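**Q** Okay, here's the structure, questions in a sec.
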Amino acid sequence: MPRPSTPTPASSDPAYLDGQFLVAMPGMTDARFARSVIYVCAHSADGAMGIIVNKPVTDLSMPDLLVQLDVAGEADAIRLRERVGHMPVLMGGPVEGKRGFVLHTDDFHIDQSTLIIDDGICLTATVEILRAIAAGDGPASAVLALGYAGWQAGQLESEIMANGWLNCPADPDLIFHADLAGKYDRALRGNGIDPAMLSVSAGRA
């Protein structure tokens, strides 16, 4: 997807989808997003951005990433495995794939760096939050994603109208759930949809 200018939050306008899930429908033609669940972080007339929350980066662990980024030293690897070894590194989307974005609970905040989204969920994209997580001083719940999904003005709306996405209320617990493989089906069932009954004609919730 083309990289948009990062839109500002517009949660007060019901036409925008900040804080909602986008669940890929059978009509999604982009293979990169098949069976994906995306948490929308910002949506406005300028475009949208979100984080895929159910696709792991399979060859990279959180402790290894923290060491690679010099957030922690190799000598801390054992301690890091105990502290953050359970935290997956997610493939957040195809835009800026080497940049880290942390979705987390609102018990952690960095002035002028943390974006408050909705329903107790925040987004921080600075190394300071990684240092806090490594030190055990980070948020109660967090997921780290590399990259994000982005849409230009009107693009997301067009994809929803074409049955590429189902937009529905987000479940904060599902964002941080460890069962990545089960998130897609759980997101659908949480909105009363049987995944087995989906077809390319599935519409908007």
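**Q** Note down all Cβ pairs under 7 Å where the first residue falls in segment 109-120 and is at pLDDT below 90, the second is part of a loop (DSSP other than H, G, I, E, B) and surrounded by 16 or more Cβ atoms within 10 Å (Cβ to Cβ), and they're at least six residues apart or on different chains.
**A** Once the first residue is at pLDDT below 90 and sits in segment 109-120, its partners that are part of a loop (DSSP other than H, G, I, E, B) and surrounded by 16 or more Cβ atoms within 10 Å (Cβ to Cβ) give ASP118/SER11; ASP118/ASP18; ASP118/GLY19; ASP119/GLY19; ASP119/ALA170.
**Q** So which residues in segment 102-145 are open to solvent by 20 Å² or more (accessible area, probe 1.4 Å) and part of a helix (DSSP H, G or I)?
**A** Scanning segment 102-145 gives VAL127, GLU128, ARG131.
Residue by residue, here is whether (1) more than 24 Å from ARG81 (Cβ to Cβ); (2) of a type outside the set (Val, Ile, Thr); (3) out of contact with any helix residue (DSSP H, G or I) (no Cβ under 7 Å at 6 or more places or on another chain) holds:
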| residue | (1), (2), (3) |
| --- | --- |
| ALA134 | no, yes, no |
| GLN155 | yes, yes, yes |
| GLU159 | yes, yes, yes |
| TRP165 | yes, yes, no |
| ASP194 | yes, yes, yes |
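**Q** Specify which of the listed residues (ALA142, ALA178, ALA149) is within 18 Å of the chain's Cα centre (by Cα) and modelled with pLDDT of 95 or more.
**A** Working: ALA142 fails: modelled with pLDDT of 95 or more; ALA178 fails: modelled with pLDDT of 95 or more.
Only one candidate qualifies: ALA149.
**Q** Is it the case, given these coordinates, that ARG99 is open to solvent by 40 Å² or more (accessible area, probe 1.4 Å), out of contact with any Asp or Glu (no Cβ under 7 Å at 6 or more places or on another chain), touching a residue at least 60 places away in the same chain (Cβ under 8 Å) and under 19 Å from LEU66 (Cβ atoms)?
**A** no
**Q** Among the residues of segment 189-200, is any at pLDDT 90 or above and within 16 Å of GLY19 (Cα to Cα)? Outline the logic, then answer.
**A** Restricting attention to segment 189-200, the residues satisfying the condition of being at pLDDT 90 or above are 189.
From what's left, within 16 Å of GLY19 (Cα to Cα): none.
No, segment 189-200 has no match at all.
**Q** Check LYS183 against each of (1) open to solvent by less than 70 Å² (accessible area, probe 1.4 Å); (2) over 15 Å from the mean Cα position of the chain (by Cα); (3) basic (Lys, Arg) and name the one condition it does not meet.
**A** (2)
**Q** Taking only segment 146-180 into account, find how many residues are open to solvent by less than 30 Å² (accessible area, probe 1.4 Å), of a type in the set (Phe, Trp, Tyr) and farther than 20 Å from GLY97 by Cβ.
**A** The number of residues fulfilling the criteria is 1.
The values are calculated or read from the model by the stated rules, or taken from the named source; none is laboratory data. On a predicted model such as this, the values are computed, not experimentally measured, just so you know. Cβ sites come from the backbone with ideal geometry, for glycine too, and all protein chains shown count toward neighbours. Accessible surface areas use protein heavy atoms only, side chains included; no ligands, DNA or RNA. Shrake-Rupley method; radii C 1.70, N 1.55, O 1.52, S 1.80 Å.
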